[in-house]
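Down below is the structure, laid out as structure tokens.
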Amino acid sequence: MSATIIDGKSIAADLRASIKAQTQDLRETHGIVPGLAVVLIGDDPASQSYVGSKSRAVTEVGMRPFDHPLPADVSEAALLSLVQKLNADPAVHGVLVQMPLPPHIDAKLVVAAINPAKDVDGFHPLNAGRLATGLPALAPCTPIACIKLIKTVRPSLAGCEALMVGRSHIVGNPLAQLMLKENATVTIAHSRSRDMPALCRRAEILCVAIGRAELIRGDWIRPGATVIDIGINRVSAGGKSRIVGDVDFAQAREVAGAITPVPGGVGPMTIACLLFNTLRAACMQAGVAAPEI
Ligand code: NAP
């Protein structure tokens, strides 16, 4: 059996088109243009390119980008003061501070300073708490991306055995919460879990976010399972380097029912889900019905 490949690029293109239409509708019906402020500290070329592609994506769907590049030696106080300014700016509906931050800045303090209603990264403790208690929340973008990808091949997760490998606050934990909200039976595994192959073999939905190149082998996968590979790992062989996931794709595709490739799976959907969160934030701030995850 060869698995269906879940094509993140084309699914993300469809989502962006739908967000563009909803953004236009919001502007025409309510006079609101969603605005996303992105704060980038330092001049790391990879982060600059990532932030550049976010800005282009924002403009393409008819939203307003507000880019705030800051020098690497910016003080914590100056950054917090900018966050307060963006919190108070009615043209800004989403505030994102690009991680990682330089070591002299306390990331937890910065995340906590963002207005939870504008927290489009979904990292604020209030949003994490709301998600965990079943209240409407801005959830992190990558977990939303994964749920949307799963639903392309499995419209209902109700009653499914789901395994989340990884329990970070940005991916594993919130994705487990979102799967639970979809009524899946969710197990969370991590570095201290025993017998990972056996846990994986039970899963009808297997999501992996651990940052360990191709750790999950083909014979760990339940036949017909939906496999969502979130890992991004650079590996080198024979003087060449390439990006691989946390799942051994060549093996897994022979067993799984559907699988996301790396690259081209979860990655492209994550930026589209940042736009989705910006649209949701703008709707919620205006008291207009917001699109559901
Ligand atoms: P993280 O904060 O380092 O968390 C890794 C998690 O994996 C931890 O919970 C850790 O367990 C667990 N883990 C590590 N080794 C393990 C093993 N051998 N067996 C079982 N569990 C293990 O990483 P993250 O930020 O969640 O990111 C995970 C991966 O996703 C990375 O490759 C990252 O680049 C990628 N990522 C991709 C996107 C995207 O858009 N595609 C977005 C975000 C992250 P403990 O808690 O016990 O330490």
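What the table below lists for this structure:
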| item | result |
| --- | --- |
| Given 16 as the ceiling on other Cβ atoms within 10 Å, longest exposed-site-free region of the chain for GluC sites (Glu not before Pro) in DSSP loops | 1-253 |
| Stretchable slack from Ser191 to Asn87, in nm (0.36 nm times residue separation minus alpha-carbon distance) | 33.7 nm |
| With at most 11 neighbouring Cβ atoms within 10 Å, loop trypsin sites (Lys or Arg not before Pro) (DSSP) excluded, longest segment of the chain | 1-191 |
| Alpha carbon centroid spacing (whole Å) that separates the stretch 239-283 from the stretch 52-70 | 22 |
| For the chain: relative contact order, % (alpha-carbon pairs under 8 angstrom, 6 or more apart) | 22 |
| Volume per residue that the Cα convex hull of the chain spans, once the total is divided by residue count, Å³ | 136 |
| The chain, helix-only ellipticity at 222 nm - DSSP H runs n ≥ 4, -39,500 (n - 2.57), divided by all residues, nearest 500 | -13000 deg cm²/dmol |
| Potential extension, Leu109-Ala198 segment - 0.36 nm per residue separation minus Cα distance | 28.1 nm |
| Asp7 paired with Ile243, simple spin-label distance in nm, labels 7 Å along Cα-to-beta-carbon | 1.8 |
| Cys residues of the chain counted as unpaired, since no other Cys beta-carbon is under 4.7 Å | Cys146, Cys160, Cys200, Cys207, Cys283 |
| Rounded percent of accessible protein surface that carbon and sulfur make up, the chain, 1.4 Å probe | 55 |
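The values are calculated or read from the model by the stated rules, or taken from the named source; none is laboratory data. Bear in mind the structure is a predicted one, so any value in this text is a computation, not a measurement. Cβ coordinates were reconstructed from backbone atoms using ideal geometry, including for glycine residues, and neighbour counts include every protein chain displayed. These accessible areas exclude ligands, DNA and RNA; they are computed on the full protein's heavy atoms, side chains included. Shrake-Rupley method; radii C 1.70, N 1.55, O 1.52, S 1.80 Å.
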